[in-house]
Structure formats: C-alpha cells, structure tokens
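The values are calculated or read from the model by the stated rules, or taken from the named source; none is laboratory data. Fair warning: this is a prediction, and the values are worked out from it, not measured in the lab. Cβ placement follows ideal geometry from the backbone for every residue including glycine, while neighbour counts extend to all protein chains displayed. Keep in mind that these areas ignore ligands, DNA and RNA; they rest on the heavy atoms of the full protein, side chains included. Shrake-Rupley method; radii C 1.70, N 1.55, O 1.52, S 1.80 Å.
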Amino acid sequence: MALAGKRVLLIVSGGIAAYKALELIRRLRERGASVRAVLTKGGAQFVTPLSLSALSEDKVYTDLFSLTDESEMGHIQLSRDADLVVVAPATADILARMAAGMADDLATTVLLATDKPVLAAPAMNVRMWEHPATQDNLDRLRRRGVRMVGPNEGPMACNEYGFGRMAEPEEILAAISRHFGRPAGALSGKRALVTSGPTHEPIDPVRYIANHSSGKQGHAIAAALAALGAETVLVTGPTAEPDPLDVRTVAVTTAVEMMAACRAALPADIAVCAAAVADWRVASRADEKIKKGEGGTPTLTLMENPDILASLSTGPDRPALVVGFAAETEQVVANARAKRERKGCDWILANDVSPETGTFGGDANRIYLIRADGQETWPEMSKTEVGQRLAEAIARSFQDAGDGVA
Ligand code: CTP
C-alpha cells in the first residue's frame, strides 16, 4: 500500500464540497494513511467536527486559540507533524488568504507555518474560479510549489455550469498516491519537455496578438507522459487549463519567453511541441497604451519569432525524439510532411484546425501521425486519448530502439 503509514493533515474549508472530505478520509484510511483534520469556521457550516473525528478516529482541530489544543499540540507542531497537507475543499477565500500569507485562523496559520508539501483541491463557483483575482492567487501559489488537483468542469450546486467543482475523492486520492511515489512506468527515467497553449505577443501594455489555442492538447500530452513515469516539464502559454499532476509547469507569455524556458529545461529525452506559438511579434512594443486619434490608424510592424520546434530539432542538445504538431487548414498531410522535413523533427502530429472542425478549444482531435517512414491515421478521439496514444507510441519507440534514439 503506497499510503501505508503516511500522515495527511486535511484542512476542510467552507464549501458545499466539504462533504466529499468525509469520503476522502475514509479512502485514505482504507489505504493505511492516518488523517488529522483541521476544520475552518466556514467548513463547520457544512460538516460537523464529530463526523470528521469519527472517520479520522482523531481529534479535530478548529480553534487557533484553544488552550487545550495548544497544550496538547501547538499549531507549529500540527503543521509539521504530517507528510502532506491537503486542503479540500480549497475555497476562493482560503486560496486568497494562503496567497496573501495570512494567518488569521488555525488553517491559514498551519499553512503558513508548514514546511511540508501542500496539495489543494479548489472548489468554488465558476465565476469565482475565472475571476482574475483567483487566477492570480493560483499562479502565486503554484509558483510557490502548491500543487492543485482539479477543479473539474460540470454542473454546480449554484445552478451554473463550468469549472469549479471540486475533484472527486478518488482523483484527490490518486494525486496523493502519486505524490508519495510515482508509479514505475514505461517512461521511467526519461525526461520529457512539452510546450502547450498559445503565446501572447504584446502590442502595448493592454493589447496583444494571440490565437485560439486552449492548451488542452499539450496539457493532456504532458499528463500522459508523466503518467507513464517520465519526469515532465510543461512550458505553457496563457491557458485556463489546470496544471497537470506530477508535471513541473512553467508559465510563460511570449514566444521568446517560451524559447528561453524550453532551453532551460534541457537536456531532455523527449520534446513534444504542441504550443500554437505566434509566428510573429510586434517589432517595437509601445510602452504606453496607444491612443486613438494620435497619428491616425496605427500600423504594426511584425518580426518573426524564434521557431522553438526547429531550434530543439537542430540544436546541439537535441532530445532523442522530437515531436511537432502541424496545425493546417488545407492539404493537411502534404503540408505536414513538408513541415516535418523543414523543421527537422522526427514525428509530426497533423490536425485540421479549420473553424468547422472545432479542434481549437474543443475536446476532440483527429490526428495523422507522420514519421519519416510512414503515416498513421488515428480515428477521432478526445484530446486526453490523443495524449495517451502518443505517450504509448513514444514509450514503444524507445523500447523498439533498445532505449536509444527513437
Ligand atoms: N512552432 C514552434 N515555434 C514557432 C512556431 C511553431 O515551436 N515559432 C511549432 C509548433 O509548436 C508546432 C509546429 O512548430 O509543433 C508547427 O506549428 P504550425 O503553427 O503548424 O506551423 P508554423 O511553423 O507556424 O508554419 P505555418 O504557419 O507556415 O503553417
């Protein structure tokens, strides 16, 4: 049992999903972990200390200033006496207080004092999830190493639909299990670099050039490579996609930043360039917002961005297997073949991104896998399945090549 003997400190904050924390405790304990719960004031509106305590078979901690708690166990010790701190549900409010470094109740005090890894399962209304304040807080927390599981998309208790539903207990459990030991897989010992999402190329401080890439495909590939055991770095432009589990995610904005982050992630055995990198950037970005009526309609002079895929394919530290995408709107296979040769990569996954296909932003993809010596046509499948099929093909190619160059 991967979780036997592990000590989890579970912080339950005030969301409707708090009831799922009970199921999470039950499942963690079934797998041999011990769970100690901290319940916030808001959390206590949704579940009782008694139910948490009955399931964890331990005292439940609620009050920062309770003398008995402090005499039995100070909050510092509480925060250290665990192998992993899990916040589930993590409301917009507790995420904001974590990001700000507040310590105004027992939960946030423990989170500020802990020297242990923290995993949070956000749960909130979709508008709260999408609010820039929440997204900024999440970025800050991720940069500090807090890992997120979920949220999921779906109908919400407030009759709205979208991202914000807390991950299911089994998904949180899977994230916890992965934290305590990456399962050995066909790509164990391999390092993978994946690019994903669009890039934003600034025109002035408030405007930018971008494209419709959602990042769904690149993120799914990174998750699938990590699930097969590869040590995976995901370099992503701005997207709404949650960070994949067990992947080191590096957030960038522009193509130039993406290139620098990719270089910094080398050496790698595998590179998959799924990002829709802007081909051009504005040659001289205005320092102030360009105003109407000053000098008529502005003309933008563009300059070419670095080609990350071509650079990885031809650089001195070339990964053994370099995979690119070809986003085409016509003559998909012929254009992709030419692109493979031009860029010097090993494989190209070609897809039709004409608006009527719904590929950009959608959940499904139809792929032609083009190699130097042949081509495969994959049936239409979800982007998650494309990621898994590609990761399996990559694993096979390393096995076939006797673990050498694919
Ligand atoms: N790519 C890249 N850096 C760029 C442009 C593209 O790494 N500056 C990568 C993409 O991630 C993808 C592949 O190159 O893996 C092909 O991208 P695509 O947009 O299809 O092709 P372009 O190179 O932009 O060529 P064109 O626009 O002429 O089709």
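As for segment 204-211, it holds at least one residue that is farther than 25 Å from ALA230 by Cα and either open to solvent by less than 30 Å² (accessible area, probe 1.4 Å) or at pLDDT below 90 (or both).
Look through LEU321, LEU302 and report the one residue that is touching a strand residue (DSSP E or B) at 6+ places or on another chain (Cβ under 6 Å), closer than 25 Å to SER213 by Cα, open to solvent by 50 Å² or more (accessible area, probe 1.4 Å) and away from the ligand (no atom under 12 Å from the Cβ).
After ruling out the rest, the residue left standing is LEU302.
Here THR314, THR297, THR253, THR301 are screened, and the one residue that is in contact with a His (Cβ under 6 Å, 6 or more places away or on another chain) and assigned by TED's automatic domain parsing to the domain that holds ALA372 is THR253. Residues of segment 227-263 that are within 16 Å of the ligand (Cβ to nearest atom) and part of a helix (DSSP H, G or I): ALA255, VAL256, GLU257, MET258, MET259, ALA260, ALA261, CYS262, ARG263.
Taking into account only those residues within segment 264-273 that are more than 30 Å from ILE172 (Cα to Cα) and part of a loop (DSSP other than H, G, I, E, B), which is farthest from the ligand (Cβ to nearest atom)? So, considering only residues that are more than 30 Å from ILE172 (Cα to Cα) and part of a loop (DSSP other than H, G, I, E, B), the one farthest from the ligand (Cβ to nearest atom) is PRO267.
Within this structure, GLU294 passes the test of being assigned to a loop (DSSP other than H, G, I, E, B), without any contact (Cβ under 8 Å) to a residue 60 or more places away in the chain, open to solvent by 10 Å² or more (accessible area, probe 1.4 Å) and farther than 27 Å from GLN217 by Cβ. Taking the numbered list (1) more than 8 Å from the ligand (Cβ to nearest atom); (2) open to solvent by less than 60 Å² (accessible area, probe 1.4 Å); (3) under 20 Å from the mean Cα position of the chain (by Cα) in turn, ALA276 passes all entries but (1). When the test is whether a residue is part of a strand (DSSP E or B) and either assigned by TED's automatic domain parsing to the domain that holds VAL323 or more than 29 Å from VAL126 (Cβ to Cβ) (or both), PRO202 passes it.
Considering segment 321-406, the qualifying strands (runs of 3 or more DSSP E), each wholly inside and each with 3 or more residues that are modelled with pLDDT of 95 or more, run over 321-328, 347-352, 368-371. Annotation note: Cβ proximity below 7 Å between a residue of segment 271-287 that is touching a residue at least 40 places away in the same chain (Cβ under 8 Å) and a residue that is hydroxyl-bearing (Ser, Thr, Tyr) and near the ligand (Cβ under 7 Å from one of its atoms) (sequence gap 6+ or interchain) occurs for CYS273/THR195; ALA274/THR195; ALA275/THR195.
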